[in-house]
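Asker: Handing you a structure now.
All of the numbers you see were taken from the coordinates with simple rules; none came from a lab. None of these values were measured; they are calculated from a predicted model. Reconstructed Cβ throughout: ideal geometry from the backbone, glycine too, with neighbour counts over all protein chains shown.
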Ligand SMILES: O=c1ccn([C@@H]2O[C@H](COP(=O)(O)OP(=O)(O)O)[C@@H](O)[C@H]2O)c(=O)[nH]1
Ligand SMILES: O=C(O)c1ccc(O[C@@H]2O[C@H](CO)[C@@H](O)[C@H](O)[C@H]2O)cc1
């Protein structure tokens, strides 16, 4: 066997991620923490990621990210397939073609796949556990959303609690370790009017066969979600190992280099612009990589930003598949009328933005990566959730973590600019703003503690490594620091 292959198979873990930036980056950061404990790590994902990385960097194909080897397999579709419009079809084809393509990748790259210590997957590619079983390799899952979502889906898809139905769509959901939730607070995939059938199907299949996963790790931390984490101990424990964010946000820049991929090129000029703004003055606005806001909502945000007369930095990512109704586009008047007030970029270096002293608050769609990055930056949020986990993340922000406010929708599902203006003023000035900032700073300090040597997340990583390498006598996946 060639030397490189021998090395690849020694103490080796293969991570497998869905193709979105928000799924791959926490996986890579977990990989980095495993590597820091002597594990060799590779990450496999679909070809579209290689394609986007190439486009974003303009350089040759990347095959490593700070020591983690990148491997690619086909999702069974062409690179220009419009997955956004046909999400259910996409998930279906990925579920059918992914397993054999991943299996072929493993055969091609590993002479003795059995020697792999473990495969680690994430929730959108649960079939990875079947590929692991084919080679007799143990499988772990990295749950990349709050542990609250893990608990909600587990109870919903195992029918352990009542959830809204077509006949009772407005029922209040009560679950251990969580506040009472109205339908606006629940993940969209558990609601009877959810239009994406593939996700309930996927989660239903996943949560009924959790024993396929010997370990469930979480991108969260015990001190942030202790009640809901404790509530899962008797059912199927989750071990928080996060926040899996860049080390610079955790005061660890001396010790660890970040591991992440960039699928879109960041506009760095906004950092220079931020540096010219007064401390804690700028409203940062971004809706992540997937959400495309309807034109009316773009208009409401634009009007509110103009009216509050405060500096802003707004990420308006051009829609991957543009539509003629103006969704995701700035109103035509906006740039001219606000040219001395703020900046608009297509994609920002978000973690550098959030930790910049000029940034005061973040209007966000509540993607979990954005949430964790904000928690680690110690600034308050204005939640404007759209789908999937985001409504529940918004509920956590307001009622559990107490670090932000939520933009309430009107009866027709739209938002008014006045409501946004009110939310901005609430987080910028006055006693509510002060309290939110205090809470945010306290959580930031907590996040730094848990990843430092001996902190709860660091210990959970240590235990995981002990167990996959066989350095531990107890292997039932039940140990969890913080409990
Ligand atoms: O202009 C932007 C907007 C987002 N992000 C990053 O993209 C990820 C978005 O993940 P999240 O879970 O928040 O939302 P998603 O895009 O998956 O909906 C986060 O790590 C952000 O830091 C970025 O780098 N620049
Ligand atoms: O490609 C899709 O259909 C897709 C990609 C990513 C999605 O999830 C995002 O990931 C975050 C971490 O799970 C999550 O917090 C965020 O709200 C999602 O937008 C969903 C679908």
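Asker: Report Rg(Cα)/(2.2 N^0.38 Å) for segment 343-469, keeping two decimals.
Answerer: Ratio of Cα Rg to 2.2 N^0.38 Å: 1.20.
Asker: On to the next question. Viscosity 0.692 mPa s, temperature 37 °C: what is the translational diffusion coefficient of segment 389-440 from Stokes-Einstein with a Kirkwood Rh over Cα pairs, rounded to a whole number of µm²/s? Kindly include the intermediate steps, with their values, before the conclusion.
Answerer: Values: Rh = 11.8 Å.
Using the Kirkwood radius from Cα pairs, D works out to 279 µm²/s.
Asker: Which whole number in µm²/s is D for segment 78-187 by Stokes-Einstein, with the Kirkwood Rh taken over Cα pairs at 10 °C and 1.306 mPa s?
Answerer: Once the numbers are plugged in, D ends up at 94 µm²/s.
Asker: Right, something else. Please report the orientation-averaged projected area of segment 21-161, defined via the convex hull of its C-alpha atoms, in nm².
Answerer: Taking a quarter of the hull surface, the average projection is 10.1 nm².
Asker: Per-residue counts of other Cβ atoms within 10 Å, averaged by peptide: what ranking do you get for 233-239, 457-463, highest first?
Answerer: 457-463, 233-239
Asker: Work out how much length residue 107 to residue 56 would gain on full extension: take 0.36 nm times their residue separation and subtract the Cα-Cα distance, in nm to one decimal.
Answerer: Answer, rounded to one decimal: 15.4 nm.
Asker: Right, here's the next one. Taking only Cα atoms of segment 200-354, what ratio of Rg to Rh do you get with Rh as the Kirkwood inverse-distance radius?
Answerer: That ratio is 1.06, to two decimals.
Asker: Still on this structure, I have one more. Segment 117-153 to segment 258-277: how many Å between their Cα centroids?
Answerer: About 32 Å separates the Cα centre of segment 117-153 from the one of segment 258-277.
Asker: Okay, next question. Give the value in nm², to one decimal: projected area of the alpha carbon convex hull of segment 203-283, averaged over all directions. Present the calculation step by step, with values, prior to reporting the outcome.
Answerer: Values: hull surface 37.9 nm².
Computing the convex hull of the Cα atoms and averaging its projections yields 9.5 nm².
Asker: How are the C-alpha pair distances of the chain spread across 20 Å bins, as whole percents from the shortest bin up?
Answerer: The distribution over the chain is 24, 59, 17, 0, given as percents.
Asker: So, one more: With axes computed from alpha carbons, what is the tilt in degrees of helix 21-35 against the longest principal axis of the chain, rounded to the nearest 10 within 0 to 90?
Answerer: 50 degrees
Asker: Any idea what angle helix 198-208 forms with the longest principal axis of the chain, computed on alpha-carbon atoms, 0 to 90 degrees, nearest 10?
Answerer: Compared with the principal axis, the helix lies near 50 degrees.
Asker: Pull up the DSSP beta bridges for segment 88-235 and report the antiparallel fraction as a percent, rounded to 5.
Answerer: 10 percent
Asker: I would also like to ask the following. Per DSSP H run of at least 4 residues, take -39500 (n - 2.57); add these up for the chain, divide by its residues and hand me the 222 nm value, nearest 500 deg cm²/dmol.
Answerer: Here the helix-only value at 222 nm equals -11500 deg cm²/dmol.
Asker: Roughly what % antiparallel, to the nearest 5, for the DSSP beta bridges in the chain?
Answerer: Rounded to the nearest five, the antiparallel share is 5 percent.
Asker: With the cut-off at 13 Å, report for segment 132-182 the share of all Cα pairs above it, as a whole percent. If you can, show how the numbers build up before the last one.
Answerer: Values: 861 of 1275 pairs.
Considering segment 132-182, 68 percent of its Cα-Cα pairs are separated by more than 13 Å.
Asker: Something else about it: Viscosity 1.002 mPa s, temperature 20 °C: what is the translational diffusion coefficient of segment 309-384 from Stokes-Einstein with a Kirkwood Rh over Cα pairs, rounded to a whole number of µm²/s? Provide the component values of the computation, followed by the final result.
Answerer: Numbers: Rh = 13.9 Å.
Estimated via Stokes-Einstein, D reaches 155 µm²/s.
Asker: Rg to Rh for segment 137-235: what is it, with Cα atoms only and Rh by Kirkwood?
Answerer: Here Rg/Rh amounts to 0.96.
Asker: Specify the angular offset, from 0 to 90 degrees and rounded to the nearest 10, of the alpha carbon long axis of helix 47-57 from the longest principal axis of the alpha carbons in the chain.
Answerer: Orientation of helix 47-57: about 50 degrees from the principal axis.
Asker: Just subtract the alpha-carbon distance of residue 295 and residue 399 from 0.36 nm times their residue separation and send over the number in nm, one decimal.
Answerer: 34.5 nm
Asker: Quick one: if the Förster radius is 35 Å, what FRET efficiency do residue 97 and residue 452 give, using the C-beta to C-beta distance and rounding to 0.05?
Answerer: For R0 = 35 Å, the calculated efficiency reads 0.25.
Asker: Let me ask something additional. What list of whole percents do you get for P(r) of segment 240-283, with Cα-Cα distances grouped in 10 Å bins up to the one holding the largest distance?
Answerer: 20, 32, 41, 6
Asker: Another question, if that's okay. With N denoting the number of residues in segment 273-402, provide Rg(C-alpha) divided by 2.2 N^0.38 Å, to two decimal places.
Answerer: Expressed relative to 2.2 N^0.38 Å, the Cα Rg reads 1.02.
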